[in-house]
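**Q** Here's a structure for you.
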Amino acid sequence: MNDQAAGGKVPVSAPASGGAVDRSVLQDLVYANHICADQGVLDGYGHCSVRHPAAPDRYFLSRSLSPAVITVDDIMEYDLDSNPVDQRGRLMYLERCIHGEIYKARPDVNAIVHSHSPAVVPFSVVRAVPLKPICHMSAFLAEGVPNFEVRDEFGMTDLLIRDNRLGRALAQTLGNKSVALMRGHGNVCVGPNIMTAVYRAVYTEVNARLQAQAMALGGEITFMEPQECALITGRKDLNFDRPWRMWKERIGAA
């Protein structure tokens, strides 16, 4: 359970706020959590974050709650060391350091989804079977999907990213990729905006499910070629907005 509630260490002097932010930014972060829950990417655990649009050294993440019940009033602001700007006694996600350390390492990343996406987890424990793009919606996986093995550097742990040191190691494994697995734990998906990060989280899960189904059929699998993936990801009309709007409408109607 990677996001159990924990107060964590809070500095004597809390970091200054990055300033006011448009409420729509926070509302989209709420939508992201609800969409990922609706799509089976998040369950009672996991979390989504977004970088402060006016202060790159700050990010927004909910207080410790299940994703499906988060509201705008639950969103908290953090610095990149994952210290809260205004905790007010609220419980925080233990693994918030995932977000702070990836934002530190990747200036191009403005949104992150950390999940225990169920179809993806098996690929984190079977090293001989890499997660590879099998459908065009998941062409972004062609850049490679590294697997964070916490034992390699830290020995026996409870697999949780409990501090900045562990978060930094995960960020190093992610490197410049869009997705990284976490052995026996889950994965992280990142993007230049919340819409793209959610798209990647959903279609990483879809691809894992389809790949497992194809493997179960037996025979050789025809994976997508790098050239095909490059033609897809290089298009100017990727239109991630279409599923994003559909998912938002579905959540709003519910």
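The values are calculated or read from the model by the stated rules, or taken from the named source; none is laboratory data. The shown structure was predicted, so the numbers you read here are calculated from the model rather than taken from an experiment. Every residue, glycine among them, receives a Cβ derived from its backbone with ideal geometry; neighbour counts consider all protein chains shown. Each accessible area value is taken on the protein alone, full model and side chains, heavy atoms only, with ligands, DNA and RNA left out. Shrake-Rupley method; radii C 1.70, N 1.55, O 1.52, S 1.80 Å.
**Q** Tell me, which residue of the range 62-116 that is acidic (D, E), open to solvent by 30 Å² or more (accessible area, probe 1.4 Å) and touching a residue at least 40 places away in the same chain (Cβ under 8 Å) is farthest from S17 (Cα to Cα)?
**A** D108
**Q** Residues that are acidic (D, E) and surrounded by fewer than 20 Cβ atoms within 10 Å (Cβ to Cβ), at least 1 per element: which helices (runs of 4 or more DSSP H) completely within the range 149-251 meet that?
**A** 151-154, 226-233
**Q** Does the range 20-43 include one or more residues that are part of a loop (DSSP other than H, G, I, E, B) and in contact with a Gly (Cβ under 9 Å, 6 or more places away or on another chain)?
**A** no
**Q** I'd like to know if the range 128-136 contains one or more residues that are hydrophobic (A, V, I, L, M, F, W, C), part of a helix (DSSP H, G or I) and open to solvent by 30 Å² or more (accessible area, probe 1.4 Å).
**A** no
**Q** Any idea which residue in the range 1-44 is surrounded by the fewest Cβ atoms within 10 Å (Cβ to Cβ), counting only those that are among the β-branched types (V, I, T) and modelled with pLDDT under 90?
**A** For the range 1-44, the residue satisfying everything is V12.
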